[in-house]
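Student: Take a look at the following structure, please.
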Protein chains: 2
Amino acid sequence: MALSTDHFPPTPDAGHLRARLTQAGLRATRQRLMILESLLTLPGHPTAEQVHRQVISQEPSISLGTVYKALDSFVAAGLTRRVAAAEGTSRRYDADCTEHHHLFCTNTQEIIDYCDPQLDSLIREFFAAKGLQNFQPHSFSLHITGSKLASK
Amino acid sequence: MALSTDHFPPTPDAGHLRARLTQAGLRATRQRLMILESLLTLPGHPTAEQVHRQVISQEPSISLGTVYKALDSFVAAGLTRRVAAAEGTSRRYDADCTEHHHLFCTNTQEIIDYCDPQLDSLIREFFAAKGLQNFQPHSFSLHITGSKLASK
DNA sequence: ATCCCTGCAAAAGATTTGCAAGGCG
DNA sequence: CGCCTTGCAAATCTTTTGCAGGGAT
């Protein structure tokens with residue numbers, strides 16, 4: 001358990017999305033609402049291009065530039081994070097800003113969220129006890145590379 | 001301690017570099033020798049551009065395209081890895097292919113290698129005991145974000 | 001009404017590709 | 001010698017920027 005993709009978010013309702021933007025200090029435009037919804041719904045942490053493909057299927061007039069600008073504003077507002085990935089050429093985004101870890105599937109290139117408070121404690125305790133020379137750690141994220149198994 | 005940058009690699013001798021390429025099944029050209037040397041010497045995991053700047057200071061005729069092709073060949077041969085980074089626009093490379101972790105300095109944008117067999121065991125044991133649903137882990141890399149402190 | 005946001009198009013930045021000439025084994 | 005690699009330049013892909021018009025508060 002604990003793979004966040006086990007439970008695909010049920011399409012979040014418009015009110016919730018609007019609140020999320022407003023609380024982050026962003027104007028709730030039609031475009032941003034759709035972009036945020038796509039980000040929350042698309043699996044595997046999408047690129048700007050993938051978000052764009054998703055939103056234009058509903059509203060073809062939204063431009064790719066707007067998607068880039070919206071994603072930038074989400075990151076600046078702390079609503080979204082950029083994902084660290086070694087593969088691929090494009091930036092990928094993560095709508096979840098709480099501390100968590102990532103599973104990298106070498107087959108599908110998906111990046112799957114993994115939350116585990118027990119693991120978090122283990123790591124924090126390790127560094128609290130051991131320390132790092134000349135470095136003040138601030139946050140930890142474990143990258144687990146491997147392959148997704150067919151879920152029955 | 002154990003921050004690999006504590007001990008800057010003494011300029012590796014040509015014979016060693018040549019052996020490394022040959023063992024990986026690559027032709028030891030003048031360009032590749034210089035590119036590999038730069039990769040091993042430059043701190044913080046350089047981009048292709050940074051490697052290029054370094055090599056042209058010795059041999060101005062080497063082109064950026066050659067640097068890209070050489071780095072690709074190193075990665076394909078398992079001599080080098082691409083680094084997973086959330087910040088910046090360019091790819092960054094790591095000449096060390098053994099399992100290790102990374103410190104990300106939010107001030108300097110440097111990515112510093114961190115080796116710790118004790119940490120490796122801790123993580124492996126954790127997942128051996130706990131397991132992951134629908135995922136077969138293959139390797140682990142901890143990303144530690146924080147700030148480098150002035151070393152006295 | 002005021003600013004912020006959008007769409008478009010051009011620009012900038014990063015990486016890849018094709019090809020002729022040269023170098024390595 | 002034969003094949004792989006290089007240098008160059010053009011092509012491609014990704015992301016950013018400038019600006020005029022439109023929309024949210």
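Student: Beyond a 27 Å Cα-Cα separation, which of these cross-linked pairs lie in this structure: A:Lys130/B:Lys130; A:Lys148/B:Lys130; A:Lys130/B:Lys148?
Tutor: none
Student: Give the average over all directions of the projected area of the C-alpha convex hull of region A:1-129, one decimal, in nm².
Tutor: Spelled out: convex hull of the Cα atoms, projected over all directions, averaged, 9.2 nm².
Student: Just how many % of Cα pairs in region A:95-152 lie over 14 Å apart, if you round to the nearest whole percent?
Tutor: Summing the P(r) tail past 14 Å for region A:95-152 gives 63 percent.
Student: While we're looking at this one, here's another question. Compare B:Lys130, A:Lys69 by solvent-accessible area with a 1.4 Å probe and give them largest first, with all protein chains kept in place. Don't jump to the answer; show the numbers that get you there.
Tutor: Details: B:Lys130 90, A:Lys69 155 Å².
Descending accessible area places them as A:Lys69, B:Lys130.
Student: Placing unit charges on C-beta atoms (Lys and Arg positive, Asp and Glu negative, everything else neutral), compute the dipole magnitude of chain A about its Cα centre in debye, rounded to 20.
Tutor: 400 debye
Student: Give the cross-link partners of B:Lys69 among the aspartates and glutamates, using a straight C-alpha distance below 13 Å as the criterion and excluding same-chain residues fewer than 8 apart.
Tutor: B:Glu49
Student: Measure off, as a whole percent, the carbon and sulfur share of the 1.4 Å-probe accessible area of region B:54-152, all protein chains present.
Tutor: 51 percent
Student: So how far apart, in nm, are the two label points at A:His16 and B:Leu122 if each is 7 Å from Cα heading toward Cβ?
Tutor: About 3.5 nm separates the two model spin labels.
Student: Another one. Whole angstrom only: what separates the Cα centroid of region B:23-89 from the Cα centroid of region A:23-42?
Tutor: Measuring centre to centre over Cα atoms gives 40 Å.
Student: In addition: Could you pull the accessible area for B:Arg18 with a 1.4 Å probe, rounded to 10 Å²?
Tutor: 120 Å²
Student: Of all alpha-carbon pairs in region B:39-104, indicate the percentage at a distance above 21 angstrom.
Tutor: Numbers: 461 of 2145 pairs.
It works out to 21 percent of all Cα pairs.
Student: Keeping all protein chains in place, calculate the accessible area per residue for the protein assembly as shown (probe 1.4 angstrom), answer in Å².
Tutor: 52 Å²
Student: Still on this structure, please answer the following. Report the accessible surface area buried between chains A and B, summing both sides, using a 1.4 Å probe on protein heavy atoms only, in Å² rounded to the nearest 100.
Tutor: When A and B are taken together, about 3800 Å² of accessible area is lost.
Student: Say R0 is 45 Å: what FRET efficiency, to the nearest 0.05, do A:Cys115 and B:Glu49 get from their beta-carbon distance?
Tutor: Approximately 0.80, to the nearest 0.05.
Student: A:Phe127: net charge of surrounding residues, Cβ under 15 Å, Lys/Arg +1, Asp/Glu -1, itself excluded? List each step's numbers first, then the result.
Tutor: Numbers: positive: A:Arg124, A:Lys130; negative: A:Glu99, A:Asp120, A:Glu125, B:Asp116, B:Asp120.
My count for the surroundings of A:Phe127 gives -3.
Student: Right, something else. Per residue and in cubic angstrom, what volume does the convex hull of the Cα atoms of the protein assembly as shown have?
Tutor: So the per-residue hull volume is 168 Å³.
The values are calculated or read from the model by the stated rules, or taken from the named source; none is laboratory data. Here the structure is a predicted model, which means the values were calculated and not measured. FYI the Cβ positions are ideal-geometry reconstructions off the backbone, even for glycines, and counts take in every protein chain you see. For accessibility, only protein heavy atoms count, side chains too; no ligands or nucleic acids. Shrake-Rupley method; radii C 1.70, N 1.55, O 1.52, S 1.80 Å.
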